[in-house]
1. Which pairs turn up if I take residues in the range 48-65 that are assigned to a strand (DSSP E or B) and look for partners that are surrounded by 12 or more Cβ atoms within 10 Å (Cβ to Cβ) with beta carbon separation below 7 Å, at least 6 apart in sequence or on another chain?
2. Give the residues of the range 20-61 that are aromatic (Phe, Trp, Tyr) and modelled with pLDDT of 80 or more, sorted by residue number.
Amino acid sequence: MSKRTTGGCWDITDQMDTPETHSAFSLFVSGKSGYKAVIERKKDQPKCKNCNAKLDGSEKFCPECGNKIESANSSSQNKPTV
């Protein structure tokens, strides 16, 4: 269920992957019914959990603090980009 944010806008992130949302967005963007819009997903840049240093994803240890870095599969998730 959508809810309002502190700024008064509607937060619809829970509805982004529904067929109805894709259909409405596609019609709005293209002006064509049945057009399939592609919603890109952006990966978050990995950060060290200890010192928040930005990582490129290939490190096994943080170059700033030396903390062991968890594998990317278990620590990051794709987030939709609007």
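1. The qualifying pairs are Lys54/Lys47; Phe61/Asn67; Phe61/Ile69.
2. Those that are aromatic (Phe, Trp, Tyr) and modelled with pLDDT of 80 or more: Phe28, Phe61.
The values are calculated or read from the model by the stated rules, or taken from the named source; none is laboratory data. Please read all numbers here as calculations on a predicted model, not as lab measurements. Cβ: placed from backbone, ideal geometry, glycine included. Neighbour counts: every protein chain shown.
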